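Below is one structure; the comments refer to it alone.
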Ligand SMILES: [Zn+2]
């Protein structure tokens, strides 16, 4: 069976239309899927899964799936960050994410250290690389991203944007708005709104300092924008293009949401609606869902947040498998963490492994009503930092974090931390205090370089041990294309491309997400603003099928082949 390539429907604001372009298919023996669903519990390893299973008291949804093993190192470290990890499984390229040099999002570095030192050819240095989501969209599939963090955070962003610095989220968010994604659910509303405007429904100002109001851009492009769980539940059946922005910044942890933000939807509620909307497309869909905050609770070494976030993610796996098993069309489901985190272990050095029972861990965790982050926040907001009242502190921790037997030493440590205005270590301190009682071990507040498992549903040929980059190629193959053809079509070096024209790369204010490519030829002049999919010529704005990209480190601009065609026939 071959998947038909539908022409991409692109919107041209003038009367101009281009002929459709088709993607070369992957090799003909590939197993093809109508739909591909990628589910990522961010920042966890096998220990998190084992503990979640004991906590749930039943098998996890993933336990029925096939299993492979994934290597996660990036080009400069055995321990990857999220941006390099996401670049690998979104684009098929390992990249650089270090404290220095760059923290690349779907962009290549100039050189590698691992697996062996290698300097890239100049044309490849700091070059943006296309993602499977971009390829899926060209192949006519509906595409979606769901997360509980700001959607401009590394993992979702790597599927739709390209930049050397993951922290420049205003730049990543702009690309995501212009990337033609059908469904985006998560947090990050503030990054759509400029600093002079208020975030709708709040008194808070937006976070964009480039003067752009991307909220209005989404409306102009025909998106429904929703901000509450009720609006998500009530999405009309005909909705096809939706941005659900359920928090100004990140959404709340699952266990905290019920108490603190009940109008935010859960991850599984967002996932079910995303699948419902995307699956209306007759040519199938590609969806990535990130359980973003397993990672954050692991960074905090908070067993309550870690395990409850994994349980919330497990419901997402259940929902995806229900869809895949009931769908008439073949659907591939992949489940894999981007990297391990925390060095978490079931059992610490004080555990008696001859008699360690589930109740010894589960009951301790179950007494907590909130994550250690939320419990610490309650302590911070209900006590005077200069003179914290020990009884109030003890009561809050007992009621909300379930530690009813704080020792005098532990209370002393907490009081010292509260009085020290330079630290806010309380979430970690609480996490460790509860972990000691549950005999859960931790080795680091950061990621680890351990291999991670990948669970799959639908593959006839299950991979054994793979690199994280292989996941991108697997996704592309499964949808009938190869990533190289997407790169050739979407990411062409502008100066090589417009050979007869004068090309100027205007980088004024590029770090505030401004800047543009200017192309002049004969009596024509066209402007291609960076991070958008538009060409402005003679007062007209014309849309094309990919983004105009800029690489700061290479000082090169890139754009889709279609943009040149648009320029030439104009
Ligand atoms: Zn991560």
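Calculated on C-alpha atoms, the gyration radius of the range 102-252 divided by its Kirkwood radius gives an Rg/Rh of 1.02.
Model label points for residue 349 and residue 118, set 7 angstrom from Cα along the Cα-to-Cβ axis, are 4.1 nm apart. Exposure proxy for 164, 48: other Cβ atoms within 10 Å of each Cβ, ordered fewest to most, give 164, 48.
For q values of 0.12, 0.22, 0.23 Å⁻¹, compute log₁₀ I(q)/I(0) with the Debye formula on a Cα-only model of the range 492-569, without solvent. Debye curve over Cα of the range 492-569, log10 I(q)/I(0) at q = 0.12, 0.22, 0.23 Å⁻¹: -0.27, -0.98, -1.07. Hey, what angle do you get for helix 468-478 against the long axis of the chain, alpha-carbon based, 0 to 90 degrees rounded to 10? With both axes taken from Cα atoms, the answer is about 50 degrees. Given their separation in residues at 0.36 nm each and the Cα-Cα distance between them, residue 391 and residue 495 gain 30.6 nm when the chain is fully extended. If R0 equals 51 Å, the separation of the Cβ atoms of residue 527 and residue 240 corresponds to a calculated FRET efficiency of about 0.95. Between helix 82-91 and the chain there is an angle of about 40 degrees, using the helix long axis and the longest principal axis of the Cα atoms.
Among 242, 364, the ranking by other beta carbons within 10 Å of each residue's beta carbon, starting with the fewest, stands as 364, 242. Each label point was placed 7 Å from the Cα along the Cα-to-Cβ direction; for residue 100 and residue 415 their separation is 4.5 nm.
If the segment from residue 31 to residue 276 were pulled out straight at 0.36 nm per residue, it would be longer than the present Cα-Cα gap by 85.8 nm.
Based on Cα contacts under 8 Å between residues 6+ apart, the chain shows a relative contact order of 23 percent. In this calculation the C-beta distance from residue 357 to residue 328 is compared with R0 = 41 Å, giving a FRET efficiency of 0.35. Listing 104, 44 from fewest to most neighbouring C-beta atoms within 10 Å gives 44, 104.
Compared with the dominant Cα axis of the chain, that is its longest principal axis, helix 372-382 is turned about 70°.
How high is the FRET efficiency from residue 502 to residue 318, r the C-beta distance, R0 56 Å, rounded to 0.05? Efficiency at R0 = 56 Å is approximately 0.50. Kirkwood analysis of the Cα pair distances in the range 368-416 returns a hydrodynamic radius of 10.7 Å.
The sum of -39500 (n - 2.57) across all DSSP H runs of n ≥ 4, divided by the residue count of the chain, sets its helix-only mean residue ellipticity at 222 nm to -10000 deg cm²/dmol. One Cα centroid belongs to the range 231-298, the other to the range 470-508; the line between them spans 30 Å. Could you compute how fast the chain diffuses translationally, taking Rh as the Kirkwood radius over C-alpha pairs and applying Stokes-Einstein at 20 °C with viscosity 1.002 mPa s? Give it in µm² per second. D, rounded to a whole number, is 87 µm²/s.
Considering only beta bridges that DSSP places wholly inside the chain, some 55 percent are antiparallel.
We did not get these values from a lab; they are worked out from the coordinates using the rules stated. Given the structure is predicted, the values throughout are model-derived calculations rather than measurements. Cβ: placed from backbone, ideal geometry, glycine included. Neighbour counts: every protein chain shown.
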